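The values are calculated or read from the model by the stated rules, or taken from the named source; none is laboratory data. None of the values given here were measured: they were computed from a predicted structure. Every residue, glycine among them, receives a Cβ derived from its backbone with ideal geometry; neighbour counts consider all protein chains shown. All accessible areas refer to the heavy atoms of the entire protein, side chains included, with ligands and DNA or RNA removed. Shrake-Rupley method; radii C 1.70, N 1.55, O 1.52, S 1.80 Å.
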Amino acid sequence: MKWVNPHPVEISSELLAVVGGSELVAQLLTQRGITDPVTASAFLDPDLYQPCPPGELPGMVESVELISAAIRDGERIGVWGDFDVDGQTSTTLLVSGLEQLGADRVFHIPVRGPESHGITIPYLETFLDQGVKLLLTCDTGITAHQAVDFAKERGVTVVITDHHDLPPELPAADAVINSKMVPAEHPLSSLPGVGVAYKLVEALYAEFKQSGNTAQFLDLAALGIVADVALLHGDARYLLQRGLDVLRTSERLGLQILFEIAEIHPTYLSEEDIGFSIAPRMNALGRLADANLMVEFLTTTREGRARVIANQLEGLNAQRKLLTSQVYQAALSQLERSPELLAHAALVLVGERWPAGVVGIVANKLVERYNKPAILLTKSGGQQARGSARSVPGCDISQAIAACDDLLDGYGGHPMAAGMSLAVEKVDRFRRRLSAEVEAQLGAVPPEVELAIDLSVSLEDIDFPLVEELERLAPFGPGNPPLILRAEDLKLVSHSKLGKMGEHRKLVVEDEKGAQQSVLWWGSASADLPQGEFELAFRTRISAFRGERQLQVELRDFNQLSEPDPDDFSSGIEVIDCRDLTDSEARLAEILAEEKHAAVWVEGGDKAQISGVGREQLNSAECLVIWTNPPSNSVLHEVVQQVEPNKIFLFAVDPQMDDPAEFLKRLAGMCRYAIARQDGELNLARLAAALAQTEGAVRLGISWLQARGHIAVVEEGITALIVSEDQSSERGFVDPETTLRNLGYLLSEASAFRR
């Protein structure tokens with residue numbers, strides 16, 4: 001990333017006064033363009049913000065009249081929602097609000113697999129057959145022209161509430177409320193679906209003389225706002241601030257149990273807890289199962305029932321993680337096979353039977369990796385492909401997709417995310433047209449990803465008082481990104497793995513004054529560690545573990561200040577070449593007799609004859625013996641960095657593990673052993689060491705074994721997984737021939753490096 005330092009700012013005395021004299025807070029607000037004292041006060045304190053009346057949303061007055069009449073006449077109201085968290089919370093909010101007003105209501109959230117997004121007429125017909133006289137949508141409907149016409153033909157009143165981009169022509173509903181119908185600078189413009197639903201209920205309660213009772217729904221609003229990544233502007237930020245307070249003392253039994261399972265202390269709950277722990281569990285239900293269950297979960301007063309559903313969410317979330325990992329690896333393999341796809345301004349990939357519920361997540365991971373918009377499409381037997389798009393700042397992907405509408409069967413979404421469906425034979429043309437539209441928006445060379453630095457500090461400055469001042473600007477999100485701090489002249493003291501699967505790292509860094517700081521690096525198990533002297537970009541937060549407040553520092557990026565020579569990893573280390581000796585084992589015995597503090601790195605079959613350890617067991621030592629020829633440059637670098645030797649004896653014996661048939665035979669045996677003796681748990685680093693190969697080769701080997709039905713992957717993480725021998729398990733979408741071919745490439749690379 002390109003780091004962008006803040007410009008010097010002048011702080012007004014008026015602004016300094018309203019922030020309580022904190023120069024730091026005043027400086028940060030000014031850097032973010034908030035200089036007006038009144039605006040700053042309302043930004044920091046929701047008590048000083050004046051929320052907009054619901055009536056400022058076009059269509060609100062008409063909607064309230066229609067819904068109020070239906071309630072008073074005892075007509076059945078049908079609430080139609082969506083299966084993501086925004087849709088789940090919108091549906092729950094409207095259903096609960098209508099129920100408390102005495103309405104006869106039913107609801108339906110589409111099941112993702114058969115129905116997809118929006119309003120599908122066959123399912124709508126079944127829904128209306130329940131006696132629905134007024135159809136009320138939430139978080140959907142703004143492009144549902146055919147569905148609205150169908151409902152109207154049946155004599156049903158239709159009220160649409162939504163927040164997605166407006167089509168050229170609105171559906172012929174009786175009333176439409178959409179936050180996009182007000183100007184972008186309006187305080188209501190960034191409300192997601194749940195925000196629009198909240199405003200509608202607020203107006204209905206005022207109509208029925210129950211103003212003030214809507215605060216009970218603020219927790220739902222907060223969940224939807226964070227999960228939908230809404231711009232934290234105006235009322236959206238206000239509702240989130242208020243909603244977080246309600247969530248911290250939530251009376252919803254389902255949420256209390258979910259906090260417990262996710263190990264979140266509600267007293268200190270933040271928007272990050274929603275985004276990274278709560279929302280993924282809720283979204284898993286809509287992605288992989290039936291989100292209608294969420295309405296019960298968020299409203300039930302039966303603890304047993306709430307726990308049953310919470311455990312379902314946990315299981316589905318684990319399944320979601322596994323499927324996401326599999327689709328991501330399949331997408332990367334497709335790009336390795338067809339690197340010409342990377343030449344387009346937008347990535348458009350198609351996979352056979354990729355689970356529709358996770359393609360959006362994987363598209364987002366590809367955006368982060370390649371810094372270009374990405375669309376993942378899935379097909380299954382038929383001639384239609386459906387998928388999800390994710391974008392980069394500066395590219396309105398919804399607009400770019402709309403420009404290709406003659407190729408599409410359906411589409412809709414936001415500037416940063418969208419969905420679409422099209423015939424499989426049109427994908428190539430769609431890729432070219434879409435890329436041309438993206439290039440027109442971004443230019444031939446996409447802009448470099450920038451990281452805005454808010455503040456430079458030394459390690460000794462990082463303490464609770466500093467972080468408490470920084471968190472006065474929370475909640476953070478789009479429009480108010482997390483504050484990024486910078487520390488210079490650091491070196492890495494130590495590192496260790498964290499997480500159930502070892503997917504994260506904890507670094508200990510030290511500055512020139514000797515001050516040290518622990519730093520968390522999420523999802524970094526396979527990333528290169530900083531070397532030599534470096535500077536660190538990070539964010540801080542106060543978290544809670546078992547009720548105890550803790551200071552947490554999270555790595556965002558780092559820059560090498562003294563870049564090591566990649567061709568001379570052993571600079572300053574004495575290297576003794578033992579590769580051409582006639583009696584290597586005798587020389588090894590001499591070395592071990594001479595060197596009191598020696599570590600012997602041996603992997604593969606040689607471990608049966610040579611006393612030593614694999615890469616995952618090596619510790620710091622003065623002398624390192626490299627007995628086995630390593631499979632890659634990165635493995636070699638990591639081991640040398642881990643041991644930090646003064647002297648290396650290099651034997652580099654070929655482990656004879658680069659033949660695919662032999663590799664897979666041994667890997668299958670190790671999987672069988674793990675299933676019989678270790679409850680199926682496999683550590684990738686240990687497997688790689690036992691096979692003298694890279695972890696990437698091991699992953700592909702396991703994918704092949706699963707695709708051929710030899711094993712089933714039950715749970716998968718970045719550094720470990722669990723397998724079983726359940727032959728009846730779903731073999732997934734991995735093509736064994738393609739996987740075997742890619743494995744052959746990796747093993748050939750290892751062989752070439754050893755040579």
message = List the trypsin sites (Lys or Arg not before Pro) within the range 245-340 that DSSP assigns to loop and that have no more than 13 neighbouring Cβ atoms inside 10 Å.
response = Arg302
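Which of the trypsin sites (Lys or Arg not before Pro) found in the range 121-187 are in a DSSP loop and have at most 14 neighbouring Cβ atoms, other than their own, within 10 Å?
Hits after loop and neighbour filter: Arg154.
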message = Can you compute the FRET efficiency between Gln641 and Glu585 using 1/(1 + (r/R0)^6), with r the Cβ-Cβ distance and R0 = 30 Å? Round to the nearest 0.05.
response = 0.60
key: Lys/Arg +1, Asp/Glu -1 at C-beta; the range 519-651 dipole; positive extreme among Ala537, Val600, Thr582   = Ala537
ask   = Taking amide H positions as placed 1.01 Å from N in the peptide plane, with prolines and chain starts having none, which residues 5 or more places from Val714, or on another chain, fall under 5 Å of its amide H?
value = Ile722, Val723, Ser724
note = Share of accessible surface on carbon and sulfur in the range 246-303, whole %, 1.4 Å probe and ligands ignored, is 47 percent
note = Exposed-loop cut sites defined as GluC sites (Glu not before Pro) in DSSP loop states with at most 12 other Cβ within 10 angstrom; longest site-free run of the chain spans 513-729
ask   = Based solely on its DSSP helices, what 222 nm [θ] is calculated for the chain when runs of n ≥ 4 H residues each add -39,500 (n - 2.57) and the sum is averaged over all residues, nearest 500 deg cm²/dmol?
value = -12000 deg cm²/dmol
ask   = What list of ³J(HN,Hα) values in whole Hz, one per residue of the range 635-640 in order, does the Karplus curve 6.51 cos²θ - 1.76 cosθ + 1.60 (θ = phi - 60°) give from phi, with Gly and Pro shown as x?
value = 5, 4, 4, 5, 5, 4
note = A correct Stokes-Einstein calculation for the range 1-139, using the alpha-carbon Kirkwood radius, 4 °C and 1.567 mPa s, returns a whole-number D in µm² s⁻¹ of 68 µm²/s
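What's the local net charge at His186, with K and R +1, D and E -1, over the other residues with C-beta under 14 Å away? Mind showing how you got there, number by number?
Working: positive: Lys180, Lys199, Arg237; negative: Glu56, Glu185, Asp235.
Neighbour charge sum, excluding His186 itself: 0.
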The chain - accessible surface per residue (Å², probe 1.4 Å) = 44 Å²
ask   = Within the accessible area of the range 60-168, what % is carbon and sulfur when the probe is 1.4 Å and the other protein chains stay in place?
value = 48 percent
inquiry  = As an exercise, use a Förster radius of 30 Å and the Cβ-Cβ distance of Leu561 and Ala593 to find the FRET efficiency, rounded to the nearest 0.05.
reply    = 0.10
message = Report, in listed order, any pair from Lys2/Lys513; Lys506/Lys647; Lys596/Lys647; Lys321/Lys379; Lys506/Lys596; Lys491/Lys607 with a Cα-Cα distance greater than 24 Å.
response = Lys2/Lys513; Lys506/Lys647; Lys506/Lys596; Lys491/Lys607
key: Environment charge at Lys209 (Cβ cut-off 15 Å; Lys +1, Arg +1, Asp -1, Glu -1)   = -1
Solvent-accessible ranking of Arg579, Arg677, largest area first, probe 1.4 Å = Arg677, Arg579
key: Net dipole in debye of the chain [+1 Lys, Arg Cβ; -1 Asp, Glu Cβ; about Cα centre; nearest 20]   = 1980 debye
query = Given the chain, what percent of its DSSP beta bridges are antiparallel, to the nearest 5?
reply = 55 percent
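Averaging sequence separations of C-alpha pairs under 8 Å and six or more residues apart, then dividing by the length of the range 247-399, give the relative contact order as a whole percent.
17 percent
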remark   = Residue by residue through the range 258-273, the couplings from Karplus 6.51 cos²θ - 1.76 cosθ + 1.60 with θ = phi - 60°, in Hz, x for Gly and Pro, are 5, 4, 4, 5, 7, 6, 10, 7, x, 4, 10, 4, 10, 4, 5, 4
ask   = If one takes the longest principal axis of the Cα atoms in the chain, at what angle in degrees, from 0 to 90 and to the nearest 10, does the Cα axis of helix 427-442 lie?
value = 80 degrees
request  = Work out how much length Val424 to Leu650 would gain on full extension: take 0.36 nm times their residue separation and subtract the Cα-Cα distance, in nm to one decimal.
outcome  = 76.0 nm
key: Two-site label geometry, Glu448 and Leu341: point separation in nm, points 7 Å out along Cα→Cβ   = 2.9 nm
remark   = Note, the range 311-317: 3J(HN,Hα) by Karplus (6.51, -1.76, 1.60, θ = phi - 60°), whole Hz, Gly/Pro = x, goes 5, 4, 4, 5, x, 5, 5
task = Using only alpha carbon pairs under 8 Å that are at least six residues apart, calculate the relative contact order of the chain and give it in whole percent.
result = 8 percent
remark   = Interchain or sequence-distant (5+) residues whose placed amide H lies within less than 5 Å of the amide H of Met657 are none
request  = Extending each Cα 7 Å along its Cβ direction at Asn5 and Glu725, get the distance between those two points in nm, one decimal.
outcome  = 6.3 nm
task = Mind listing the long-range amide H neighbours of Glu603? Cut-off is under 5 Å, sequence gap 5 or more, other chains count too, H placed in the peptide plane at 1.01 Å from N.
result = Thr628
task = Only Lys, Arg, Asp and Glu count, each charged at its Cβ (+1, +1, -1, -1), so figure out the dipole size of the range 45-194 about its Cα centre, rounded to 20 debye.
result = 360 debye
key: Kirkwood Rh, angstrom, the range 355-461 [1 / mean 1/r, Cα pairs]   = 14.9 Å
task = Quickly work out the Arg755-to-Ser458 label distance, labels modelled 7 Å from Cα along the C-beta direction, and quote it in nm with one decimal.
result = 5.5 nm
Calculated Rg and Dmax of the chain using C-alpha coordinates, Å = 28.7, 98
